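This report concerns only the one structure given below.
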Amino acid sequence: MLYIAAALYEEAIPFFDALSMKKNTSFAHFDLFSGEDSMLLLTKTGAIRAAAAVSSMLTAFPPQKTDLFLSVGTVACPDSEIPVGTPFILQQITDAASGRTFCPELLFRAPFPRAALTTVHRVLTAEMLKSFPLHAPGSDIMSNTGVLAGCPPVPMLCDMETSGVCEAALPFFSCEQLFFCRVVSDHGIDAQAMSPERLRALVTECTGRCADGLIPWLKEISGLRETSPALPPGAVAFCEAAVSALRLSAANAEQLRRLLLYLHLSGVAYLEEMSTLLEKPLHSPCRTKKEGQAYLEQLKEHFL
Amino acid sequence: MNSSKNTFYNPPFSRVYIEEEALASPAAADLLRAAAKYSGGQQPIVIRRYMDVFGRAHQSFAVQKNSPALILAVKHGSFLYPGADVCQSFGNSHFYYTSFAMNCPFHCEYCYLQGMYPSANLVLFVNLDDYFAEIERLLAQHPVYLCISYDTDLLALERMTGFVRRYLEFAAGREGLVTELRTKSAFPVRQLIFPPATADGGSDGAVCPGGAASLSAAIPRTILAYTLSPESVVSRYEHGTAPLSARLSALRAAAQAGFPVRLCFDPLLRIPDFDRIYGEFIDEVHSALDDVPILDVGIGVFRISDSYLKQMRKSLPGSALLQYPFENTGHVCHYGARGEKMIAFVKQRLSGWIPEEKIYTPQLPEGRGA
Ligand code: SF4
């Protein structure tokens with residue numbers, strides 16, 4: 001399952017189309033859309049609202065180890081040289097109010113360059129954005145040392161939700177299941193300069209540019225996730241029969257199950273031999289736990 | 001790990017994190033220069049404390065091992081730790097261990113680091129001089145036997161860090177300091193003494209001002225301990241480590257360069273057909289090293305605390321080695337009487353080559369370091 005969180009309907013439109021999503025009416029509190037193996041949540045603007053929405057979706061639909069979570073949206077960029085529509089994968093997310101920083105895992109080769117982001121708690125005008133650094137913390141110090149001269153600096157971005165989304169999603173996932181992608185939509189909102197209709201269309205255009213790259217990338221990553229190996233059904237049935245025939249305690253039953261798993265993972269053919277060794281108790285079950293335990297010890301002696 | 005998987009992950013150490021406090025360190029600048037090879041010209045990510053990345057909740061050690069990040073940090077608090085009484089001190093008193101790094105570039109399936117650390121990312125501490133000052137303080141009181149490759153494999157990292165060379169420069173002038181450096185790498189130790197020239201005419205990594213002469217005093221007091229396993233164990237369970245044949249060649253070269261060499265058959269693993277596989281392996285090691293002076297030998301079986309094992313089983317659920325139905329005594333999981341038989345078997349196989357008084361068997365809860 002791919003979980004997606006976006007703040008605005010307009011940001012989500014390209015994903016509805018790409019993942020054939022429909023409104024999920026079974027989820028009462030927030031707007032949720034579902035596809036075949038995906039769901040998209042609209043969090044609305046603001047970090048607290050975003051945190052509440054993400055947390056409630058993940059509580060209602062608990063993720064598995066093989067699932068992925070994508071937070072996608074548009075952001076302001078203090079560096080006016082970076083064009084509108086440029087997508088980034090986030091390397092650092094800082095909450096301006098608390099100063100708390102989270103570094104998302106960057107294990108996979110991403111289709112977009114990296115940026116750092118600060119979440120603020122009000123709409124940023126072009127004037128306010130001027131007080132923000134253009135680059136990620138440390139970029140200047142690094143270039144001053146001359147060690148990494150020529151390394152392009154990492155841009156800084158600002159939005160109003162990401163730290164909330166991140167805080168809420170963290171308890172439900174392992175770090176490498178989380179992905180944060182942001183697209184530059186502006187360099188500070190100038191309300192007079194753009195009509196609300198144009199603004200909405202722009203937001204959709206921006207996320208549309210990254211959806212095409214993100215979806216196949218995440219699908220491939222999800223194919224890499226491995227599930228835990230389990231005992232084959234024949235061995236499970238044998239184990240259950242042996243536990244009951246040997247009258248094993250819970251701890252000894254676990255020992256037997258682990259022995260079978262060890263032998264299975266080691267590539268040892270054991271079932272036939274073990275069935276022969278346990279022929280008698282499987283036919284007429286042990287009368288005491290002690291008797292059963294002696295059989296278990298015999299199996300360990302034989303196979304380990 | 002298959003190759004299609006490899007192309008999906010970023011290369012190891014392609015992400016470099018650096019603590020604010022480490023930014024001003026000249027050693028950090030050297031390390032950043034060395035790491036630029038891996039990071040492909042990407043800016044390092046500046047963080048407040050290394051635990052902000054290393055200590056994050058909900059990390060997956062096994063998945064991170066596909067592409068560990070590098071974290072440059074400044075070490076605070078204790079720099080050296082006294083070895084516990086039960087530790088394998090090979091008869092040395094005043095036994096201490098230390099680590100200039102946290103985590104290892106290799107990935108042995110039985111490695112306790114998977115249970116001990118929340119992350120597979122590699123932390124390098126840049127303030128080696130603080131370690132050296134602490135060693136000086138101890139040396140003023142008594143001689144010191146110091147294991148410096150705990151919780152990592154320093155020689156495997158040497159091309160990137162130059163830490164061993166820096167340490168040997170320091171150790172050269174300290175008479176009372178005996179060092180153990182444990183490895184599963186095949187790093188050519190001559191490069192510690194004669195660093196290869198780089199394209200810009202300098203040496204690769206830290207500079208050794210007096211060259212071979214300044215290091216030679218440290219060499220007889222620096223024990224290179226090679227952990228050896230059968231090739232089938234190396235290829236199946238010791239991911240990324242040097243093949244057995246390469247370790248044996250590196251060991252021979254180390255002895256020729258004057259380093260005392262130690263053989264570590266630790267951990268012995270309970271694998272199907274143990275007697276045949278380990279028997280042939282000991283014979284192979286014997287015939288390869290028959291004419292090499294061996295300082296001593298350590299033998300130990302795999303043993304691990306139950307809390308670490310629980311974590312490791314979660315991290316590597318498909319590892320046959322970790323799913324073994326161990327016995328648990330005082331929260332240490334072990335092979336029980338079978339383990340004692342395994343040690344006796346290897347000891348017996350070594351007899352006729354290694355005198356008994358040169359063979360040590362530890363009672364350590366778990367094997368430490370490379
Ligand atoms: S070489 Fe040692 S420290 Fe490194 S992974 Fe293997 S056991 Fe762990």
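The values are calculated or read from the model by the stated rules, or taken from the named source; none is laboratory data. On a predicted model such as this, the values are computed, not experimentally measured, just so you know. When we count neighbours, we look across all protein chains shown, and the Cβ atoms used for this are built from the backbone with ideal geometry, even at glycine.
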(message) Take the residues in region B:7-24 that are within 17 Å of B:V123 (Cβ to Cβ) and more than 25 Å from the chain's Cα centre (by Cα); name whichever of them is nearest to the other protein chains (Cβ to nearest Cβ).
(response) B:L23
(message) exposed (fewer than 14 other Cβ atoms within 10 Å of the Cβ), in contact (Cβ under 8 Å) with a residue 12 or more places away in the chain and among the charged types (D, E, K, R): is that true of A:K289 in this structure?
(response) yes
(message) For region A:192-241, give me the residue count where each residue is aliphatic (A, V, I, L, M) and away from every other protein chain (no Cβ under 14 Å).
(response) 12
(request) For region B:35-49, state whether one or more residues are at the interface with another protein chain (Cβ under 7 Å from one of its Cβ atoms), touching a residue at least 40 places away in the same chain (Cβ under 8 Å) and either in a loop (DSSP other than H, G, I, E, B) or not hydroxyl-bearing (S, T, Y) (or both). (result) no
(message) Within region B:111-120, take every residue that is touching a helix residue (DSSP H, G or I) at 6+ places or on another chain (Cβ under 6 Å) and not in a helix (DSSP H, G or I) and give me the one that is nearest to the ligand (Cβ to nearest atom).
(response) B:Y112
(message) For region B:138-163: of the residues being more than 12 Å from the chain's Cα centre (by Cα) and assigned to a helix (DSSP H, G or I), which is farthest from the ligand (Cβ to nearest atom)?
(response) B:L139
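Is it the case that B:G336 is in contact with a Phe, Trp or Tyr (Cβ under 9 Å, 6 or more places away or on another chain), at pLDDT below 95 and either crowded, with 17+ Cβ neighbours inside 10 Å or not polar (S, T, N, Q) (or both)?
In short, yes.
Scanning region A:103-123 for residues that are of a type in the set (G, A, S) and either at the interface with another protein chain (Cβ under 9 Å from one of its Cβ atoms) or assigned to a loop (DSSP other than H, G, I, E, B) (or both), which turns out surrounded by the most Cβ atoms within 10 Å (Cβ to Cβ)?
Among those that are of a type in the set (G, A, S) and either at the interface with another protein chain (Cβ under 9 Å from one of its Cβ atoms) or assigned to a loop (DSSP other than H, G, I, E, B) (or both), it is A:A116.
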(message) With the requirement that a residue be surrounded by fewer than 22 Cβ atoms within 10 Å (Cβ to Cβ) and within 16 Å of the ligand (Cβ to nearest atom), what does region B:82-100 give you?
(response) B:C87, B:Y97, B:T98
(message) Residue under question is A:E291, and the condition is that it be within 47 Å of the chain's Cα centre (by Cα) and either of a type in the set (A, V, I, L, M) or not in a loop (DSSP other than H, G, I, E, B) (or both); does it hold?
(response) no
(request) Return a yes/no flag: does region A:67-90 have any residue that is of a type in the set (A, V, I, L, M), under 25 Å from A:M1 (Cβ atoms) and over 18 Å from the mean Cα position of the chain (by Cα). (result) no
